[in-house]
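S.K.: Here it is, the structure in full.
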Amino acid sequence: MRVLILSKNGNGASMAYKLSKEGHTVDMWCDDPHYKDALKGYVGRPNSWRPLLPAADLVICDMVGFSKYAELFQRMGKPILCCNPIADILELDRKRGEEAFHRLGINTPPSQDFKSVEDAAKLKWVNETGYVVKGSGNIDTGKTYLCATEELYQWALTTMKDATDVVVQELIPKEGSVEVSTEGWFNGIDFIHPFNHTFEEKHYLPGDIGKMTGCAGNVVIPLEKPSKLCRDTVMRFKPILAKAGYRGPIDVNCIVTKDKVYALELTCRFGYDALEALMTGLNEPVGSFLFDVATGIKKSMDIRYDFLIAVRVSRDPYPYAKPYEIKEPDKGMPICGLTDLDLKFTYLSDVYKEPGSNQMLYAASDGVVLRATAFGRSVKEAQHRVYKICKNIKAIDIAYANDIGDRVDKDIALLREWGWL
């Protein structure tokens, strides 16, 4: 199968690598030129995707924002994933995304909508816990900040000068709550069995300190039957997704308390490490799975009902700077130490290899070198396996969070006690 992946900045690299290892011909086009070396030597890295479109059997967009090409792909009869104008609106337009939650009867934290950054600066500070401020307008201005003080809030607004709208939500206290995502896969008509619950870590340092990365790793739990949390969140989107003809993953990030679930945001893309965790649990080829979802015939996935884990392994600049801020990118540093068994559970990203060589070299695109994955009958078993892979890596200044999965058993116990699982 010939697979064409359109990427903003390399989020689909792990998937591209996995598909190439299954024997598919994969081309990954990246909009950001700083990612020109990522996966070179493993997959095709074209300068333009249009000449490759006629021969493609499957088109995947790894990020929202590509829906302007959806009509072209459909006109050419191409099976597509994650390329849908409604999905773009639900994720990129914060206000309309929140309105969709409300129309479907899904709670969100108490919030206020502002037409400009200047209006948002006039917020009356009454919630002692603080506020979450989210910029809207496009991918680059869609930043999210958790602000515990008014001073931090006012500073966060200074970074959102180009935002067309600002959504400000009350911050839900961490004590007495659980953050968890519910993920489903949609085939254009209905959801694919099973759903998954994902527990995500967003810092490289334990205790929620250090730079917030967006994702440092995930634990994914496939569900043999939809939970109450599924029914009260992601499953309610079925009418909207069916009307839009959306095909691909959909994720609703939530804060759950004893009595309520608060939806924080919805995503329809391949941007999180839950994808790699899910792939390592599949008992069927990833390429066949994705193609069957895109063509609308997939109804269930063959997956192991274990704890699935993914750990993001990086080096500078991730997560501390953008690629264009690097003065000495250290391109070409060898990534050593991984055994053949390790590589079966490793999804490469910011690496490349020279022609005729099997040596993995650091590409210096953004620093997300790879994702290590594993499965286990318990969280501890999955952790033991994945961190064994991480410890085998020999490279300079490699970094990864060492607590992925530590909170999962406690969080699951609370969700079961409260009746959500």
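Nothing in this text is a laboratory measurement; each read-out follows from the coordinates by a stated rule. A quick note: this is a predicted structure, and the numbers were derived from the prediction, not measured. Cβ sites come from the backbone with ideal geometry, for glycine too, and all protein chains shown count toward neighbours.
S.K.: Compute the convex hull volume of the Cα atoms of the chain, divide it by the residue count, and report the result per residue in Å³ as a whole number.
M.R.: Details: hull volume 57.4 nm³, N = 421.
For the chain, the hull spanned by Cα atoms encloses 136 Å³ per residue.
S.K.: State the dimensionless ratio Rg/Rh of segment 342-395 (Rg: radius of gyration of Cα atoms; Rh: Kirkwood radius).
M.R.: Working: Rg = 13.0 Å, Rh = 12.3 Å.
On the Cα set of segment 342-395, Rg over Rh gives 1.05.
S.K.: Could you list log10 I(q)/I(0) for segment 172-328 at q = 0.15, 0.16 Å⁻¹, which the Debye formula gives when each Cα is one point scatterer?
M.R.: -0.86, -0.95
S.K.: What FRET efficiency do you get for V126 and Y320 if R0 is 41 Å and r is their Cβ-Cβ distance, rounded to the nearest 0.05?
M.R.: Values: r = 34 Å, r/R0 = 0.83.
After rounding, the FRET efficiency stands at 0.75.
S.K.: Please state the shape class of segment 243-308: rounded when a/c is under 1.5, otherwise prolate if a/b exceeds b/c and oblate if not, all from the C-alpha gyration tensor.
M.R.: Numbers: a/c = 2.23, a/b = 1.43, b/c = 1.56.
Oblate, since a/c reaches 1.5 and b/c is not below a/b.
S.K.: Okay, helix-only estimate at 222 nm for the chain: each DSSP H run of n ≥ 4 adds -39500 (n - 2.57), divide by all residues, round to 500 deg cm²/dmol; what do you get? Mind showing how you got there, number by number?
M.R.: Working: 13 runs with 104 residues, N = 421.
Result for the chain: -6500 deg cm²/dmol, rounded to the nearest 500.
S.K.: While we're here: Tell me, what are the semi-axes, in whole angstrom and largest first, of the equivalent ellipsoid of segment 297-421 as set by the roots of 5 times the Cα gyration tensor eigenvalues?
M.R.: 31, 18, 14
S.K.: Also, quick follow-up: So what's segment 1-49 giving for Cα Rg divided by 2.2 N^0.38 Å, two decimals?
M.R.: Working: Rg = 9.5 Å, N = 49, 2.2 N^0.38 = 9.7 Å.
This ratio for segment 1-49 stands at 0.98.
S.K.: So, one more: Between N358 and D403, what is 0.36 nm times their sequence separation minus the Cα-Cα distance? Round to one decimal in nm. Before the final figure, lay out the partial values.
M.R.: Values: separation 45, 0.36 × 45 = 16.20 nm, distance 3.13 nm.
Separation in residues times 0.36 nm, less the Cα-Cα distance, equals 13.1 nm.
S.K.: Which order do peptides 69-75, 59-65 fall in by mean Cβ count within 10 Å, highest first? The partial results should precede the final answer.
M.R.: Working: 69-75: 14.7, 59-65: 24.4.
The packing order, highest mean first, is 59-65, 69-75.
S.K.: Using a Gaussian network model of the chain whose springs link C-alpha atoms within less than 10 Å, name the residue from G44, G23, G296 with the highest mean-square fluctuation.
M.R.: G23
S.K.: Also: Please give the FRET efficiency for D208 paired with K243, using the beta carbon to beta carbon distance and R0 = 51 Å, rounded to the nearest 0.05. Display every interim value, and only then the final one.
M.R.: Numbers: r = 39 Å, r/R0 = 0.76.
According to the calculation, E is roughly 0.85.
S.K.: Grab every C-alpha pair in segment 194-269, bin the distances at 10 angstrom width from 0 up to the longest one, and report whole percents.
M.R.: 15, 44, 32, 9, 1
S.K.: I would also like to ask the following. Please give, to one decimal in nm, the separation of the simple spin-label points placed at K68 and Q154, each 7 Å out from Cα toward the Cβ.
M.R.: 3.8 nm
S.K.: Let me ask you something else. Cα centroid distance between segment 154-223 and segment 49-117, in Å?
M.R.: 18 Å
S.K.: Alpha carbons only, please: Rg and Dmax for segment 110-170, in angstrom.
M.R.: Final numbers for Rg and Dmax: 10.2, 30 Å.
S.K.: Straight-line reach from K353: which lysines have a Cα under 19 Å away, not including same-chain ones fewer than 8 places off?
M.R.: K18, K21, K36, K40, K331, K344, K394
S.K.: Restricting to Cα pairs below 8 Å that are 6+ residues apart, what does the relative contact order work out to for the chain? Please round to a whole percent. List each step's numbers first, then the result.
M.R.: Values: 957 pairs, mean separation 73.6, N = 421.
Normalised by residue count, the contact order of the chain is 17 percent.
S.K.: Based only on Cα atoms, what Rg/Rh ratio does segment 2-84 have, Rh being taken as Kirkwood's radius?
M.R.: When Rh is taken as the Kirkwood radius, the ratio is 0.93.
S.K.: Could you calculate the contour length gain from H102 to N47, that is, 0.36 nm times the residue separation minus the distance between their Cα atoms, to one decimal place in nm? Show your work: numbers first, answer last.
M.R.: Values: separation 55, 0.36 × 55 = 19.80 nm, distance 4.22 nm.
Full extension from H102 to N47 adds 15.6 nm.
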